[in-house]
Amino acid sequence: MSSPTTQELEEFRKEASAWLKENRPAEPDFMLPLTFMEVGTEEQFDFLRDWQRKCYEAGFIGAGWPKEYGGGGMHQKFQEVATKEMERQRVPIMLNAIGLNWTGPLLLDMGTHEDRAIYLKGILTAEDIWCQGFSEPDHGSDLGNAQTKAVRDGDDYIINGSKIWTTQGNFAKYMILLARTNPDAPSKYKGLSFFLAPMHVDGIETTPIRKLTGEYGFTQTFFTDARIPADCMMGEEGQGWAVAMRTLEYERGARGGQGGGYTISMPDVSKIFDLAKTAMRNGKPAIEDPVIRDQLTQFMIEARSIALSAKRQSLTPLIQEKPHSLPLSSKVAWTEFIRRLNEFAISLQGTKAAYYVGEEDAVEGGIWQRGYLNAFSATIGGGTSQIQRNIIGEHVLGLPKS
Amino acid sequence: MDMVGTIGLTEEQADLLEVATNFCRDKSPIEKVRELLEDDLGYDPDVWKEVAELGWLAIALPEEYGGVGLSLAEVVPVVEQMGRNLMATPFVSTSIAAQAIIAGGTEAQKKTYLPKIAEGMAATVALSEDNGDWDLLNIEASANLEGNGYMLSGTKTFVCDAHSAEIFIVSAALDGGSAKLFIVEKDMLPEGSIRRETVIDETRRSFKLCLDGVGVHEIQMMDVNQADAALAHIHMVQALLLSAEMCGGAFSTIEYTLDYLRTRKQFDKIVGSYQALKHPIVDAHISYEHARSHLYSAAHNFDKQGEQEVAVRMAKSKAGEAFSYAADRSIQFHGGFGFTYECDAQLYRRRSLWCEHMAGDGAYHREKLAALMF
């Protein structure tokens, strides 16, 4: 497919922009989740599912996926434009993040025609919610050591074990599941297989996990002799690690082809100026304090570092020496930035830093306090910042494994 | 407030990047950099000649004065690659002086000097003084009307490549008033008016310039109405080109350190496998990548009014931070070897200290940014 012209993209952007303005749902009377990892209540879920379906029907989700599977059949660049516009207008996030942005592109990349025909449309409409079964209670960052077992029995596999940090586990119809099919394989990685597993079968139970914020969003998922059909295995037995690694590349945005829509709403960086103007230090607005001014400026520089580096990825001559550097570095850079930005925003509130969501006098309803605590979901989930540094050190800088 | 900024790359930038990458790597291997540390001239005159022949001095000069008619955006990749290889030539000094003439010279001065610079004449600026202030308006050197010219007095510091420069862009307070600019030719200077300074970056040649007793004809004064604008422009040019040098330097520092971390063994393990070393070098690398994004954003926006200053000041602040952190850690991560003169980490650290503290350090630029942004 030939690349669209700037003019074509701009026209599409205008179309998306106008539609979003027109159709943006009214602010509900409950707090919306900041990210897809914080969908804790039925009302939040219903609201976001409805919104995703509308965006899809309007052609602004899955625009780059093939028509035969329910997509828009357009160049992926159109979807990127629509996604950016959603982010810019700060409309509600897309609910089915794991389906849209990890599983979907994975299926288009490595899946069979049958897999795509079965799953992709339901991902786009948010009819079929997807969750991910990678992490285990005893093996957080050490994914290769997953111990959940899958034992072949006729046309089925019987699953036993437990997965943790299952985002939307209680809502999901399917799970991308990494399980051990051969405990005796020569290496831990070779004993793993990858499944597109149904969740609504006997023997699978989900228990909500209460997060540090007091809210919900994740579950622990227990498998007790749960039977799943053998043909939902993706790839061959023993190839699970490679498929899981490819999935992580989509998860971290290191590969393109996503169904689209932003799924994590970034705090509005410019709002820290408002905070600094209203917060008082020694009887004067904090924004007059030279130290605060320097800190604010450093955050501005860093915000641009991240945005400019994302844009630089398309300037080939400026990335050719280490092509994986920017994609692999972006996760640790922006997640840590968001955490520290929220922390700084709290520090601008004086004694009111100590209020929390629920207190009517809390600054902006306590959004920064909640944002700070929630920011750890991204610095820990999807590979902690420390694991990210190992990955960059090993895969970009050529250092030996730790 | 634009939180995201803009970035782009012209075809000419990409071409120059490729040519300069190869040229600087071939002409300035580290052994040669080391040899030149001891050399009075401090650079290889044949390489300087080649730089001129490549037309790099003409890149950002207008066509009517013998230039190529591109912009400083195209000079950035060249200086970045010079920085990568610690290449010493009067290229940066001359580029800054040329920009000063473009921004503040009279038509006659542009016609006289720019074509010569385009062909390889070295030039420099003499703006700093003993007070160490980055504010180019805070000067004591003076120019007093005398006959059909001016008598200069005072001392300028950090006049780079003064030993090679044919012309000097000098700032002086006119009759005790505000700063004005003069173009002083080498043969207008009495014997002994330049003295070499001992500076932390031994790849550079920096001098004091004594102006006492230097008389210049009135035609040597630059456009009086443009002096403030020219000084502001020079400051931006310096900051941009230093950022380019620093990004280049940070890249090489990290590569040099990685070579060691990939091969050195302690306690039966390659030291780069230890996270205490691996994680900070990754942080240094990400910081460098961010600095480079800012650099090419500053290059892209250099001719855009309203965008330039924010982009350049951010680039300078970020590049200084990135280069200094990488080079500081480079010494430490080389252990005992890092403490020796033989280890190249010192070359990078000395270079980074120079660059970070010329034309405003990070805090200085951030203070200006704050005033621009909120």
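Every number here is computed from the coordinates shown, using simple stated rules; none is lab data. Values in this document were obtained by computation on a predicted structure and should not be read as measured data. A quick note on method: Cβ atoms are made from the backbone with ideal geometry, for glycine too, and the neighbour counts reach across all protein chains shown.
Annotations for the structure displayed:
- Taking a straight line from the alpha carbon of A:K121, these lysines sit under 25 Å away, with near neighbours fewer than eight places off in the same chain left out: A:K54, A:K67, A:K77, A:K84, A:K173.
- Centroid-to-centroid, using Cα positions, region A:67-122 and region B:57-72 are 48 Å apart.
- Nearest 10 degrees, 0 to 90: helix B:107-118 Cα axis against chain B principal axis: 30
- Folded to 0 to 90 degrees: helix B:72-84 orientation relative to chain B principal axis, Cα: 50
- The mean count of C-beta atoms from other chains within 10 Å of the C-beta of residues in B:361-368, rounded to a whole number, is 3.
- Note on A:K54 and A:E87: the extension gain reaches 10.3 nm, defined as 0.36 nm multiplied by sequence separation minus the Cα-Cα distance.
- Estimated [θ] at 222 nm from DSSP helical runs (n ≥ 4, -39500 (n - 2.57)) normalised by residues in chain B, nearest 500: -17000 deg cm²/dmol
- Computed lengthening from B:D228 to B:E166, 0.36 nm per intervening residue step minus Cα-Cα distance: 19.9 nm
- Every helix of 4 or more DSSP H residues in chain A counts as -39500 (n - 2.57), and over all residues that averages to -12500 deg cm²/dmol at 222 nm.
- Overall form of region B:257-313 per C-alpha gyration tensor (a/c, 1.5; a/b vs b/c): prolate
- Cα gyration tensor, the protein assembly as shown - rounded (a/c under 1.5), prolate or oblate: prolate
- Note, ³J(HN,Hα) from phi for region A:387-402, Karplus 6.51, -1.76, 1.60, rounded to Hz, x at Gly and Pro: 5, 4, 5, 4, 4, 5, x, 7, 8, 9, 9, x, 7, x, 4, 7
- HN-Hα J in Hz across region B:125-133 - Karplus 6.51, -1.76, 1.60, θ = phi - 60°, x for Gly and Pro: 10, 10, 10, 6, 9, 4, 5, x, 6
- Gain on full stretching of the segment that runs from A:E8 to A:T224 - 0.36 nm per residue minus C-alpha separation: 72.5 nm
- With the simple model of a label 7 Å out from the Cα in the direction of the Cβ, A:D153 to B:Q305 spans 7.8 nm.
- Kirkwood Rh, angstrom, chain B [1 / mean 1/r, Cα pairs]: 21.2
- With both labels modelled 7 Å from their Cα along Cα-to-Cβ, the A:D46 to B:E191 distance reads 9.7 nm.
- Counting Lys and Arg as +1 and Asp and Glu as -1 over every other residue whose Cβ lies under 10 Å from the Cβ of A:I61, the net charge comes to +1.
- Per-residue shielding of A:382-394, expressed as the average number of other chain Cβ atoms within 10 Å of the residue Cβ, stands at 3.
- Alpha-carbon centroids, region A:141-155 and region A:358-377: separation in whole Å: 39
- Distant-in-sequence amide H partners of A:E136 (H built 1.01 Å from N, under 5 Å): A:I164
- When only the Cβ of Lys, Arg, Asp and Glu is charged (+1, +1, -1, -1), the dipole of region B:228-373 relative to its Cα centre reaches about 380 debye.
- Dipole moment magnitude, nearest 20 debye, chain B about Cα centre, only Lys, Arg, Asp, Glu C-beta charged: 1180
- Basic side chains Lys and Arg get +1 at the Cβ, acidic Asp and Glu get -1 at the Cβ, and with that the dipole of region B:125-224 about its Cα centre reaches some 200 debye.
- Residues with amide H under 5 Å from that of B:E197, placed H, sequence gap 5 or more: B:S206, B:F207, B:K208
- Amide H contacts of A:M234 (H built 1.01 Å from N, under 5 Å, at least 5 apart or other chain): A:F194, A:F195, A:L196
- Per-residue HN-Hα couplings for region A:76-86 [Karplus 6.51, -1.76, 1.60; θ = phi - 60°; Hz; x = Gly/Pro]: 4, 4, 5, 5, 4, 5, 5, 4, 4, 5, 4
- Per residue, the average separation of C-alpha pairs within less than 8 Å and at least 6 apart gives region B:228-373 a relative contact order of 31 percent.
- Local electrostatic count, A:I204, Cβ distance below 12 Å [Lys/Arg +1, Asp/Glu -1]: 0
- Projected label points at A:K352 and A:D109, each 7 Å from Cα along the beta carbon direction, are separated by 4.5 nanometres.
- Tilt relative to chain B, helix B:362-373 - C-alpha long axis, 0 to 90 degrees, to 10: 70
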